[in-house]
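Okay, so here's the structure we're looking at.
The values are calculated or read from the model by the stated rules, or taken from the named source; none is laboratory data. Everything quoted here is computed from the prediction, not taken from an experiment. Ideal geometry is used to build each Cβ from the backbone, glycine not excepted, and the neighbour counts take in all protein chains shown.
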Amino acid sequence: MTRPFRFGVVAPVTNGLAAWRDDVRRAADAGFGTVLVPDVPSWQPAPAPLLATAASIADVRVGTWVSATPLRPAWALAWEAHSLSVVTGGRFELGIGTGRPGIEDELRERGMDPVSPASASTGCARRSRSCAVSTVRTGTRRWSWR
């Protein structure tokens with residue numbers, strides 16, 4: 001099976017939300033197939049509302065550039081990812097990772113212990129498997145993930 005090659009763009013909010021929405025529209029008009037946003041609580045809005053907004057104003061796939069797993073519990077990330085997949089009609093792509101340069105300082109500022117990349121990845125995978133008990137109700141359909 002062949003898949004079409006798509007180009008994506010990382011679109012952080014740098015000049016306000018109105019300018020960001022214009023950037024999303026311009027990216028879609030220029031042929032980009034995916035709009036990604038960074039997961040940096042210290043200088044960006046939360047990814048979920050941004051991505052839902054992007055999907056509502058342009059016919060593009062949306063996703064996280066890298067969701068930093070040390071910053072949120074695996075069950076919360078799984079719930080958010082599933083919810084975004086539902087509200088975007090299946091156009092959500094989850095990028096996960098263990099962080100970025102400087103994340104150790106950000107974790108310390110939030111009272112969290114820095115973890116090694118290997119530990120964070122293993123922990124996230126293990127905790128994600130435990131999401132079988134989590135269920136989301138949307139409209140008349142019941143969604144669950146394992």
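Look at (1) at pLDDT below 90; (2) surrounded by fewer than 19 Cβ atoms within 10 Å (Cβ to Cβ); (3) farther than 21 Å from Gly102 by Cα; (4) under 12 Å from the mean Cα position of the chain (by Cα) and you find that Val40 fails only one, number (3). Applying a threshold of 9 Å to beta carbon distances and a minimum spacing of six or more residues, or different chains, the list of pairs starting in the stretch 4-25 at a residue that is more than 21 Å from Ser67 (Cα to Cα) and ending at one that is of a type in the set (Phe, Trp, Tyr) and modelled with pLDDT under 95 is empty.
State whether the residues of the stretch 82-105 include one that is in contact with an Asp or Glu (Cβ under 7 Å, 6 or more places away or on another chain), without any contact (Cβ under 8 Å) to a residue 60 or more places away in the chain and not in a loop (DSSP other than H, G, I, E, B).
To start, the set of residues in the stretch 82-105 that are in contact with an Asp or Glu (Cβ under 7 Å, 6 or more places away or on another chain) comprises none.
Checked against the condition, which is being in contact with an Asp or Glu (Cβ under 7 Å, 6 or more places away or on another chain), without any contact (Cβ under 8 Å) to a residue 60 or more places away in the chain and not in a loop (DSSP other than H, G, I, E, B), the stretch 82-105 yields no hits at all.
Contact map, the stretch 67-80: residues that are in contact (Cβ under 8 Å) with a residue 12 or more places away in the chain and buried (at least 18 other Cβ atoms within 10 Å of the Cβ) paired with residues that are of a type in the set (Gly, Ala, Ser) and part of a helix (DSSP H, G or I), Cβ distance under 7 Å, separation 6+ or inter-chain. Pairs shown: Thr69/Ala120; Pro70/Ala120; Ala74/Ser128; Ala78/Ser128; Glu80/Ala48. Within the stretch 77-93, the set of residues being under 19 Å from Ala58 (Cβ atoms) and under 10 Å from the mean Cα position of the chain (by Cα) comprises Leu84, Phe92, Glu93.
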